[in-house]
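Notes to accompany the following structure.
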Amino acid sequence: MGRRLPICLSALLLITAFATSCSDPFSRPAVNAPTTGTELSVVITGPKSIAPSTSCGWLALCRGGTPPYTVDWYRRDDPDARWLWAGSGMAYTGGMNGYSTFQLKVSVTDSDGRFLSNQISVTGAGQEVCHYPDG
């Protein structure tokens, strides 16, 4: 069973992650972070399910490649629909918008023009506000 985090703690974790992410040019490199020029990677962190009437946040965690990075978010509420641009930067905040599920995609380009994207699906979760899976 997943953990429930109070909204204020979730916001604190989001701000803490924001302050230490790869797209923040003033952050210190993470311990054991790949060096410049290594293979570019990106992971989306955040809830996999949320309550229908709430808003939650997701972060793009990028590594490798050659900083700085350009990060763009895309969203689609219907799996058969086209992706719509949802914002730029390392963080995205959104909600269910009346749908039972939506897909979220992040695209990252490093300063050498290398491009990579990753995506997740987010589903409605009854009464839980933002459900973060274990692990």
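Coordinate-derived values only; no laboratory data. Just so we're clear, the structure is a prediction, and the values are computed from it rather than from any experiment. Counting neighbours? That spans all protein chains shown, and the Cβs are built from the backbone with ideal geometry, glycine included.
Per-residue HN-Hα couplings for segment 55-66, Karplus 6.51 cos²θ - 1.76 cosθ + 1.60 at θ = phi - 60°, whole Hz, x for Gly and Pro?
Residue by residue, segment 55-66 yields 10, 10, x, 10, 10, 9, 9, 10, 9, x, x, 10 Hz.
When the Karplus curve 6.51 cos²θ - 1.76 cosθ + 1.60 is applied with θ = phi - 60°, which whole-Hz ³J(HN,Hα) does each residue of segment 76-83 get, with x for Gly and Pro?
Each residue of segment 76-83 in turn: 9, 8, 10, x, 8, 8, 7, 6 Hz.
At 0.36 nm per residue, and after removing the present C-alpha to C-alpha distance, how many nm does the segment from residue 41 to residue 103 gain when stretched out fully? Before the final figure, lay out each step's value.
On the way: separation 62, 0.36 × 62 = 22.32 nm, distance 1.92 nm.
Contour length minus Cα-Cα distance gives 20.4 nm.
Which of the peptides 110-117, 79-86, 92-99, 49-56 is most tightly packed, and how do the rest follow, judged by the mean count of other Cβ atoms within 10 Å per residue?
Packing order, densest peptide first, comes out as 49-56, 92-99, 110-117, 79-86.
Taking amide H positions as placed 1.01 Å from N in the peptide plane, with prolines and chain starts having none, which residues 5 or more places from residue 87, or on another chain, fall under 5 Å of its amide H?
73
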